[in-house]
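The values are calculated or read from the model by the stated rules, or taken from the named source; none is laboratory data. Bear in mind that the values here come from a model prediction, so they are computed numbers and not experimental data. Neighbour counts run over all protein chains shown; Cβ positions are idealised from the backbone, glycine included. Keep in mind that these areas ignore ligands, DNA and RNA; they rest on the heavy atoms of the full protein, side chains included. Shrake-Rupley method; radii C 1.70, N 1.55, O 1.52, S 1.80 Å.
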Amino acid sequence: DNVEWSEEQEASARSKVEENSSQLLSQDKQEEYEVNAKRYWDDFYKIHENGFFKDRHWLFTEFPELAPTRNPSQNGDSVHKFNNKEQLNNEGLGSCENGHCSLETRTENQLNLIKSKPKICTEEVATWKYSELNQTDGGYPGSSASYRILEVGCGAGNTVFPILQTNNDPGLFVYCCDFSTTAVDLVQNNAEYDSSRCFAFVHDLCNDQSPFPMPDQSLDIVILIFVLSAILPEKMQCIVNRLSRLLKPGGMILLRDYGRYDLAQLRFKKGQCLSDNFYVRGDGTRVYFFTQDELDDLFTTAGLEKIQNLVDRRLQVNRGKQMTMHRVWIQCKYRKP
């Protein structure tokens with residue numbers, strides 16, 4: 001945990017990035033990846049379903065706000081140090097496949113996917129459902145809840161289901177959305193999905209007209225786990241602005257994402273760079289690598305106050321392959337005044 005880099009290591013990483021960024025993709029190709037972004041993520045989840053990422057039970061140590069009954073620490077500067085048992089459970093930590101380098105841990109209980117007919121889950125249908133709920137219930141999904149969490153970019157539910165399993169607050173309601181219809185289908189068709197405590201919906205963050213099912217100033221927590229990095233850098237500020245409007249006063253955005261010079265960035269080859277520190281993977285999905293200052297600018301410009309903004313550098317060892325992996329993540333907590 002918190003491995004310090006030498007000047008030589010930093011210089012070597014910088015040199016690798018300069019090399020793999022020296023040849024940018026053409027503007028036509030860049031526009032193609034932007035236009036077809038949803039299709040590439042749909043294809044990713046059709047191939048991997050819920051088997052690629054592991055359940056993120058580490059979240060409750062890094063972000064105790066997700067399980068308030070656990071007496072969250074008020075210290076915003078600490079980074080979790082895994083104990084011995086957790087280290088044993090994390091032997092698969094940091095696996096990389098096709099440029100997707102994940103933090104996710106192994107868990108004892110794998111979520112069971114019900115192989116049933118997928119539900120129709122388009123934004124148009126979701127919008128109709130919101131209207132119907134507003135008319136019949138006089139509210140919105142989760143309107144009677146006392147603690148509301150939204151996870152953006154929920155994937156197959158590797159954050160949502162651990163929250164529902166761990167947080168026993170009867171007033172809890174969890175919203176989760178994803179760009180990929182396939183991903184949201186996986187969440188809705190999961191045996192653990194409970195519509196009385198959770199609402200999954202398709203949402204395009206980059207579309208200002210794409211509706212949220214909840215009103216502004218209604219959320220206690222917004223979670224962004226390895227999500228903001230998948231978005232075109234020019235659109236990030238508008239997205240953070242939109243999400244900040246959903247927060248109650250005192251509500252927080254919790255983020256964990258790729259940091260500059262992470263292993264995943266150093267592994268890219270020439271011809272995969274779209275712009276500075278922004279790359280396309282072999283499967284068409286994209287990823288950006290942040291600095292602390294960049295994220296601080298995004299959140300403070302949106303009117304949020306810094307609670308935590310730290311770099312988490314880790315040295316991981318794959319004993320089977322006798323490989324060492326230097327991971328760099330950034331973890332943030334920003335609060336609405």
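See the values below:
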item: Backbone N within the range 261-278 under 20 Å of label point (7 Å from Ser6 Cα along the Cβ vector); result: 261-263, 266
item: Cα-only radius of gyration and Dmax that characterise the range 149-275, units Å; result: 15.6, 51
item: Surface accessible to a 1.4 Å probe, per residue, for the residues of the range 251-302, Å²; result: 31
item: When each of Lys248/Lys306; Lys16/Lys333; Lys38/Lys336; Lys248/Lys333 is checked by Cα-Cα distance, pairs over 22 Å; result: Lys16/Lys333; Lys38/Lys336
item: Positive-pole candidate from Leu205, Thr181, Gln272, dipole of the range 170-323, charges at beta carbon; result: Gln272
item: Estimated dipole of the range 198-337 in Debye, rounded to 20 [Cβ of Lys and Arg +1, of Asp and Glu -1, Cα centre]; result: 680
item: Rounded percent of accessible protein surface that carbon and sulfur make up, the range 141-185, 1.4 Å probe; result: 48
item: Full-extension gain in nm, Thr300 to Asp194, via 0.36 nm per residue minus C-alpha separation; result: 34.7 nm
item: Spin-label pair Lys235/Asn168, simplified geometry with 7 Å Cα→Cβ offset, distance in nm; result: 4.2
item: Mean separation of Cα contacts under 8 Å (6+ apart) over length of the range 130-286, as relative contact order %; result: 20
item: Cα centroid of the range 181-232 to Cα centroid of the range 267-312, whole Å; result: 21
item: Segments 11-19, 179-187, 267-275, 27-35 sorted - mean Cβ within 10 Å per residue, highest first; result: 179-187, 267-275, 11-19, 27-35
item: Values of log10 I(q)/I(0), in the order q = 0.11, 0.14, 0.18, 0.25 Å⁻¹, for the range 257-337 under a Debye, Cα-only, solvent-free model; result: -0.38, -0.58, -0.84, -1.13
